[in-house]
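Working notes, beginning with the structure itself.
Please treat every number below as a calculation from the coordinates, not as lab data. Everything quoted here is computed from the prediction, not taken from an experiment. FYI the Cβ positions are ideal-geometry reconstructions off the backbone, even for glycines, and counts take in every protein chain you see.
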Amino acid sequence: MISLLNGAILAILFCIGLASGSAKAADVNSGDYLPAPAGTNLLVFYSQYATRNEYVTNSGQTFSDDTGLDSYVNILRYVHYFDIAGFTVAPQVLIPAGTLYNGRIAGTPFDAAAGLGDPIVATTVWVVNNKATQTFIGIMPYLFLPLGQYTSGEALNLGENRWKLDLQAGWYQGLASGFALQLTGDAVWYGDNTKAGNGTQTLSQDPTYQFQAWFSYAFAPSWSAAVGYSQFWGGTEYLAGVPTGNSTEHSQVRLELSKFITPTFQVLGLVQRDVATSGGFPEDFRGTVRLLQVF
């Protein structure tokens with residue numbers, strides 16, 4: 001039991017990023033790979049709440065009694081679109097901040113954490129931008145900077161104390177009668193956290209992979225709804241070279257609804273739920289409100 005609980009504590013170290021959206025590959029909304037005209041700026045605010053009520057090891061053992069982790073995270077994002085050498089490009093920066101609380105495994109509690117998460121810098125380059133056929137293909141690297149709140153030896157932190165690179169590719173295809181399909185794939189490579197475990201151990205991790213699919217329908221001039229699915233695999237963790245029993249294996253279903261209140265201001269709501277998890281905390285519920293201002 002002690003070794004399993006130690007592994008679970010390490011899972012929480014990883015789950016911090018999960019709660020702030022930084023340890024997983026980068027989640028996308030249903031129209032993220034639809035480019036805006038050059039010169040457009042976006043200011044985006046995300047507010048996310050998530051709850052988790054059990055922990056599942058890689059071997060399939062489940063802790064559900066007096067186990068859970070809640071999170072409330074806000075993310076501020078700025079995006080600017082411009083054209084260069086015939087390509088549309090969108091550099092951007094994301095700043096997460098929030099709190100992790102009610103963390104416990106089999107009755108063992110962990111102190112809450114609050115503060116800034118790891119900032120993210122990213123750039124989308126559309127290699128296909130065909131408005132006539134509504135076909136758009138982009139490549140987007142995300143670089144996670146190890147600048148968030150991190151205290152060595154603590155179970156809960158908002159930052160991960162490691163560099164991370166997520167390379168994402170996305171395809172958006174407009175269909176007839178207001179329907180659209182968006183598919184994305186990610187590969188994430190992790191640097192080492194040299195202050196993990198007891199504060200002096202090295203945490204390393206295998207690459208994580210993610211596939212995301214969205215099927216959306218613009219059912220009115222200012223309204224859109226979408227259903228989505230996400231699949232993660234890989235990401236096995238090691239502490240001092242020994243597997244911890246944690247990874248990023250899980251499947252998730254999603255529902256999204258959005259409306260432009262004005263021509264330049266959109267409100268979006270998103271609910272998500274994990275339907276299968278191995279090596280971590282399944283999300284029983286994650287709700288997000290996104291506010292987007294175009295200028």
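Compared with the direct C-alpha span, the chain from VAL253 to ASP70 gains 64.0 nm at full extension, assuming 0.36 nm per residue. Only helices enter this figure: runs of n ≥ 4 DSSP H residues, each worth -39500 (n - 2.57), summed and divided by the residues of the chain, yield -2000 deg cm²/dmol at 222 nm to the nearest 500. Simple rule: put +1 on each Lys or Arg Cβ and -1 on each Asp or Glu Cβ in segment 2-294, find the dipole, and look at ALA180, PHE285, VAL28; the Cα lying farthest toward the positive end is ALA180. Counting 0.36 nm for each residue step from HIS80 to ASP192 and taking away their Cα separation leaves a gain of 37.2 nm. To the nearest ten degrees, helix 2-20 and the longest principal axis of the Cα atoms of the chain are 20 degrees apart.
In whole percent, what relative contact order does segment 73-172 give with Cα contacts below 8 Å and a gap of six or more residues? Can you show the working numbers first?
Numbers: 239 pairs, mean separation 23.4, N = 100.
Relative CO of segment 73-172 lands at 23 percent.
In segment 2-294, a dipole from Cβ-located charges (positive for Lys and Arg, negative for Asp and Glu) runs towards its positive end, and of GLN48, GLN210, LEU268 it is LEU268 whose Cα lies farthest in that direction.
In this simple spin-label model, placing a label point 7 Å from the Cα along the Cα-to-Cβ direction at both ALA36 and TRP223 gives a separation of 2.4 nm.
Taken along its principal axes, the alpha carbon cloud of segment 45-181 reaches lengths of 58, 34, 28 Å, longest axis first.
The slack in the chain from GLN231 to THR123, taken as 0.36 nm per residue of separation less the alpha-carbon distance, amounts to 36.6 nm. Approximating the spin labels as points 7 Å out from Cα along Cα→Cβ, the THR264-to-ASN53 distance works out to 4.5 nm. Placing unit charges on the Cβ atoms of the charged side chains and taking the dipole of segment 53-195 about its Cα centre, the candidate lying farthest along the positive direction among GLY138, GLY107, LEU156 is GLY138.
Fewest first, what order do THR200, THR99, THR184 take by the number of other Cβ atoms within 10 Å?
Details: THR200 11, THR99 16, THR184 23.
Ordered by Cβ neighbours within 10 Å, fewest first: THR200, THR99, THR184.
Under 30 Å between alpha carbons: how many lysine pairs meet that in the chain, if sequence neighbours fewer than 8 apart on the same chain are excluded? Please report the intermediate quantities before stating the final value.
Numbers: LYS24/LYS164; LYS24/LYS195; LYS24/LYS259; LYS131/LYS259; LYS164/LYS195.
Summing the qualifying lysine pairs gives 5.
Between the C-alpha center of segment 26-73 and that of segment 124-156 there is a gap of 14 Å. Modelled this way, with points 7 Å down the Cα-to-C-beta line, the labels at LEU145 and ALA276 are 3.9 nm from one another.
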